[in-house]
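To start, the structure itself, in structure tokens.
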Amino acid sequence: VEWQGVPVRLTPVVHLSPSFATTWGEVAKKVKGGSISAASALVVSGDAVIKGLDLDGAMVLRPTGGAAVRFSGYHESNAGWAFEPLGDGEASEVDRMKGYRLVKRFAHVFAFSDNKEHVLSN
């Protein structure tokens, strides 16, 4: 893929909050197997365990207030998020500094706050 005249290799965008894990050892215990496509975005915070997640798109995991989420063999495919180059038109100062605009077309958001464990598979 070429970005503003420069060849680049796309990789997934993954944000792991410190409330999810603070060390690679903790990440290794909480994430097992699965795959994330190069065009995907995954945001994880709180008490979550991810085993066998196949993601092609965008997903946000936000258990709070004692809630926990456990993924086991889960597949998600959606329009996701896109990084778009800036055109000649109007852009915010932040977007101009980054050189792109993040367009959030769709994300499956799992936000639980009910002090229960949620086990998800499909």
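The values are calculated or read from the model by the stated rules, or taken from the named source; none is laboratory data. Note that the coordinates shown come from a computational prediction; the quantities given were computed from them, not determined experimentally. Note: ideal-geometry Cβ built from the backbone for every residue, glycine included; neighbour counts use all protein chains shown. Only protein heavy atoms, including side chains, enter the accessible area calculation; ligands, DNA and RNA are left aside. Shrake-Rupley method; radii C 1.70, N 1.55, O 1.52, S 1.80 Å.
For residues that are among the hydrophobic types (A, V, I, L, M, F, W, C) and surrounded by 14 or more Cβ atoms within 10 Å (Cβ to Cβ), scanning just the stretch 80-104, find the one that is nearest to residue 43 (Cα to Cα). Across the stretch 80-104, the extreme among qualifying residues is 81. Scanning the stretch 23-73 for residues that are polar (S, T, N, Q) and under 22 Å from residue 113 (Cα atoms), which turns out surrounded by the most Cβ atoms within 10 Å (Cβ to Cβ)? Here the residue is 45. Counted as qualifying within the stretch 56-113 are the strands (runs of 3 or more DSSP E) with 2 or more residues that are more than 30 Å from residue 2 (Cβ to Cβ) and of a type outside the set (A, V, I, L, M, F, W, C), namely 68-72.
Among the residues of the stretch 9-22 satisfying the criterion of being in a loop (DSSP other than H, G, I, E, B) and not β-branched (Val, Ile, Thr), which is most open to solvent (accessible area, probe 1.4 Å)? Step by step, filter the stretch 9-22, then rank; the result is 9.
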